[in-house]
Amino acid sequence: MEFRFLPIFALSLVLALAVSHAALPAEMYWRSVFPNTAMPKALRNLLQPAAVNKNMLTDMAKSKDKMVDAFGNYGYSNPSKEFPDGNTPTNNDVYFFESELHPGRKMKLKELAKKVSKATFVPRPVAESIPFSIQKFPEILKYFSLEAKSAEANLLKQTVENCERPAIDGEEKYCAASLESFIDSGVSKFGKNIQLLSNELEKETGNQEFTIGQGVKMMGESEIVCHKMKYAYAVFLCHSIDETAVYTVPLVGADGTRARALAVCHKDTSAWNPKHLAFHILKVKPGTVPICHFLARETLVWVPN
C-alpha cells in the first residue's frame, strides 16, 4: 500500500485502518519483550484508532501551551533552550528545589489538569514511511496537505527540530513514533528488566491546585524520560540526562482529586544554557543546586526495576 502524499482526509482513513489492523501485532510485540508484564494503561491508550486530521492539528496549533521552552508546565525538556526575556510565566511552581518535595507543599500544576491529546501511535511501517526530517520538510507539508506558512506547519516543524537538535553533554536522546520504537528506546538502554511510569489522575478535573501527600518515593537516578510532542500522530522525544533522579509524588487536589505525579530533580545543571528558564525563576546559576520540576501529564518514564 502506498502511504506517501495522501490528502489529509485519506490519510486519516488509512491510518485508522492501519492501526485497527496493527493493534494486535503491536500488543504482541510488547508481549514478546515483556511476557510476564501487562501493557500499562498509558501505552494501551496510545493504540486506539488514529485520529489524524486537520482539526486536531489546528487545535494543537491554537493551543496557548508552550511546547519548546523548557520542562514541566511548559512542555518538553530542552536544557539548551534559551528563555526569552519578557515572557516570565506567572506560575513559579514550574521549577523548585529538591527540599520542597515534601508532604504539605502546595503547588499549582497546570499540566496535570490538562486534557490528553488525541494523537496515537501509528504502526511502525507507517511511521517509517512518512518523511520526518527538516531536510524533507517540504515533503512533510505535502504529505499532510499543509501550507508552508500555516500554524499547523509551524507546529510540525518545531517538533521535528526538537527531535533533531544536538544532545547536550551527558544527554542521550531519541524520537519514537511507534509502539515498537518506543519500547526499543527503553530496552536498548536498560534491558528488559524495566518498568514504565506515568502520571495517574483519579478523574478529569479543572483544578490546578494540589498538595503533596505522604509517600513521596525516589525511583532511582537512571531513567529515560519520554515527552509526548505535538504532532499529527504520537511522537515521543525520549532522553536520558546524567545525574537526574525521578520521583513518584502522591497529590491531593483542592477539589479532592487524587493523583500520582512524576517529578524529576536534575543534580547537575552545569551544561544548561545560562539563560534557561529555570535559572530565571529560581535565581540560581548553572551547576550550583539541584533543580526539580514535575513532568507534563502525558510524559512517560522508563526506569530499571
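The values are calculated or read from the model by the stated rules, or taken from the named source; none is laboratory data. Note that the coordinates shown come from a computational prediction; the quantities given were computed from them, not determined experimentally. Every residue, glycine among them, receives a Cβ derived from its backbone with ideal geometry; neighbour counts consider all protein chains shown. All accessible areas refer to the heavy atoms of the entire protein, side chains included, with ligands and DNA or RNA removed. Shrake-Rupley method; radii C 1.70, N 1.55, O 1.52, S 1.80 Å.
Please state the charge dipole magnitude for segment 174-305, taken about the Cα centre, from unit charges on C-beta atoms (+1 on K and R, -1 on D and E), reported in debye and rounded to the nearest 20.
The calculation lands at about 240 debye.
Could you calculate, for segment 146-265, the ratio of the Cα radius of gyration to the Kirkwood radius, expressed as Rg to Rh?
Radius of gyration over Kirkwood radius for segment 146-265 works out to 1.03.
Would you mind working out the accessible area per residue for segment 239-305, using a 1.4 Å probe, and quoting it in Å²?
Value for segment 239-305: 36 Å² per residue.
Please identify every one of the trypsin sites (Lys or Arg not before Pro) in segment 230-301 that sits in a loop by DSSP and has no more than 11 other beta carbons within 10 Å of its own beta carbon.
For trypsin sites (Lys or Arg not before Pro) across segment 230-301 that sit outside H, G, I, E and B with at most 11 neighbouring Cβ atoms in 10 Å, the list reads K283.
Net charge within 9 Å of M39 by Cβ-Cβ distance, Lys/Arg positive one each and Asp/Glu negative one each, not counting M39 itself?
Spelling it out: positives minus negatives among the neighbours equals +2.
Take the Cα pairs of segment 96-173, get the Kirkwood Rh, then feed it into Stokes-Einstein at 20 °C and 1.002 mPa s and tell me D in µm²/s.
The calculation lands on 131 µm²/s.
What span do the alpha-carbon atoms of segment 240-295 cover on each of the three principal axes, reported in whole Å from largest to smallest?
Each principal axis gives a Cα extent; for segment 240-295 these are 39, 22, 15 Å.
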